[in-house]
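The values are calculated or read from the model by the stated rules, or taken from the named source; none is laboratory data. In this text, all values refer to a predicted model and were calculated from it rather than measured experimentally. All Cβ positions, even for glycine, are placed from backbone atoms using ideal geometry, and neighbour counts span all protein chains on display. Protein only, heavy atoms only, side chains kept; ligands, DNA and RNA dropped before computing areas. Shrake-Rupley method; radii C 1.70, N 1.55, O 1.52, S 1.80 Å.
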Amino acid sequence: MKISLRKITLENLDDVVDLRLHDHQYEYLASNSYSIAEASLNTSLRTHAIYGDDRVIGFVLYCTPDDGDDEPGTYEIWRLMIDAGFQGRGYGRQALELVLREICADETARNIHICYKPDNEAAKRFYSSLGFEEVGIEPETGEMDAVVTPLRIRWSRPAGDA
């Protein structure tokens, strides 16, 4: 299955909103509808539908740097989800690598952060496999913050093969 990132449009909005997680995963992630609404009010947020061939199988939301940021060049991946029926096949990794390539295309990108619940061992292993290193608990959210720099990303395949 070929994984790609596409713009969220009126034509695929319902498919993105209707994506499902396994029951135990809902506590780890905000809904896609909330995330899309949030992005409509914040110009720093970018959303994509994750496609497997021509079918919506996931969703991603990330935050671009702002002029007033304490750390210029800092990106934050806020949401990444693959529908429960498509998990465990490597599609999440492929999608995240596409997001990371998109971010790294910005020559000012310096740090890429992602947060997850400290007890989410699957997320910890997954992000660590890409080069993310834990830097501590976010005081406001209680989530683990992990960071990677563009030069430390562990790609699974060369750029043209994604």
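Checked across the range 54-65, the condition of being among the basic types (Lys, Arg), modelled with pLDDT of 95 or more and outside any strand (DSSP E or B) holds for no residue. Note on the range 121-153: among residues that are touching a helix residue (DSSP H, G or I) at 6+ places or on another chain (Cβ under 6 Å) and more than 20 Å from Gly90 (Cα to Cα), the one that is surrounded by the fewest Cβ atoms within 10 Å (Cβ to Cβ) is Pro150.
Restricting the range 21-38 to residues that are in contact with a Phe, Trp or Tyr (Cβ under 9 Å, 6 or more places away or on another chain) and either assigned to a helix (DSSP H, G or I) or charged (D, E, K, R) (or both) leaves a set whose member that is most open to solvent (accessible area, probe 1.4 Å) is Tyr28. Can you tell me which residues in the range 64-89 are within 17 Å of Arg101 (Cβ to Cβ) and within 10 Å of the chain's Cα centre (by Cα)? If the condition is that a residue be within 17 Å of Arg101 (Cβ to Cβ) and within 10 Å of the chain's Cα centre (by Cα), then Glu76, Ile77, Leu80 are the ones that fit. Among the residues here, Gly90 does not qualify as closer than 20 Å to Trp155 by Cα and surrounded by 19 or more Cβ atoms within 10 Å (Cβ to Cβ). The selection criterion, being surrounded by fewer than 19 Cβ atoms within 10 Å (Cβ to Cβ) and either part of a loop (DSSP other than H, G, I, E, B) or under 17 Å from the mean Cα position of the chain (by Cα) (or both), does not hold for Thr47.
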